[in-house]
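Novice: One structure coming up, written as structure tokens, with questions to follow.
The values are calculated or read from the model by the stated rules, or taken from the named source; none is laboratory data. None of these values were measured; they are calculated from a predicted model. Neighbour counts run over all protein chains shown; Cβ positions are idealised from the backbone, glycine included.
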Amino acid sequence: MGNKIFKYNAVIKSNGLARQLGGNKLSGVNLIAVLTRSPFSNLRPFTSLASKLAGQVSSVKIYLFYDGVLAAKKGASVEAEVRELTQKGVTVIVDGREFRARGLGPMVEGVKALDHPVSELVDDIMEENSRVILV
């Protein structure tokens, strides 16, 4: 079926999530989410979706860039959601250089910091059956 990229709002408003992301079943899908905006306004509905999908798809990875890195800050209001995702097997990757440049201090346990996460993101997108949601 090839790779597909979706905007988060379009996926959420759709009644056919499984159909949009991978056909009738999601078992072979690698779900990748890219969060570039502040997590305080739109992360909770997405974390709920990612948590539900974690057991239905092959893998879930969340990449945090730009303002999205705020979700990885220990003590942030979304810390519990991020920690719960990592405990469910969701891989959360933060742009380490951006995180440090903002002086955000300690990171949520279980979050992986990479100084050059774009390379890994591109590799993940190119994998067969990858679906990307832009949050």
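Novice: Can you find even one residue in region 111-126 that is over 18 Å from residue 29 (Cβ atoms) and polar (S, T, N, Q)?
Specialist: Checking region 111-126: at least one residue is over 18 Å from residue 29 (Cβ atoms) and polar (S, T, N, Q).
Novice: Then there's this: For region 76-86, state whether one or more residues are surrounded by 14 or more Cβ atoms within 10 Å (Cβ to Cβ), in contact with a Gly (Cβ under 9 Å, 6 or more places away or on another chain) and in contact (Cβ under 8 Å) with a residue 60 or more places away in the chain.
Specialist: no
Novice: Still on this model: Inside region 50-66, can you point out the residues that are surrounded by fewer than 16 Cβ atoms within 10 Å (Cβ to Cβ) and of a type in the set (D, E, K, R)?
Specialist: Answer for region 50-66, where residues must be surrounded by fewer than 16 Cβ atoms within 10 Å (Cβ to Cβ) and of a type in the set (D, E, K, R): just 52.
Novice: Sticking with this structure for a sec: Which ones in region 36-47 are touching a residue at least 12 places away in the same chain (Cβ under 8 Å) and either of a type in the set (A, V, I, L, M) or out of contact with any Asp or Glu (no Cβ under 8 Å at 6 or more places or on another chain) (or both)?
Specialist: Listed by number, the residues that qualify are 40, 42, 43, 45, 46.
Novice: So which pairs qualify, if the first residue must be in region 17-35 and under 13 Å from residue 4 (Cα atoms), the second must be modelled with pLDDT of 65 or more and exposed (fewer than 13 other Cβ atoms within 10 Å of the Cβ), the Cβ gap must be under 6 Å, and the two must be at least 6 apart or on different chains?
Specialist: 30/127
Novice: Shifting gears a bit: Residue 92: in contact (Cβ under 8 Å) with a residue 12 or more places away in the chain, surrounded by 14 or more Cβ atoms within 10 Å (Cβ to Cβ) and assigned to a loop (DSSP other than H, G, I, E, B), yes or no?
Specialist: no
Novice: Also, I was wondering about something else. I'd like to check something: does region 75-87 contain any residue that is under 13 Å from the mean Cα position of the chain (by Cα), closer than 17 Å to residue 131 by Cβ, outside any loop (DSSP other than H, G, I, E, B) and hydroxyl-bearing (Ser, Thr, Tyr)?
Specialist: No, the conditions are met nowhere in region 75-87.
Novice: Mind listing just one residue for me: the one in region 95-130 that is aliphatic (A, V, I, L, M) and surrounded by 12 or more Cβ atoms within 10 Å (Cβ to Cβ) and, of those, farthest from residue 66 (Cα to Cα)?
Specialist: Per the stated criteria, the residue is 125.
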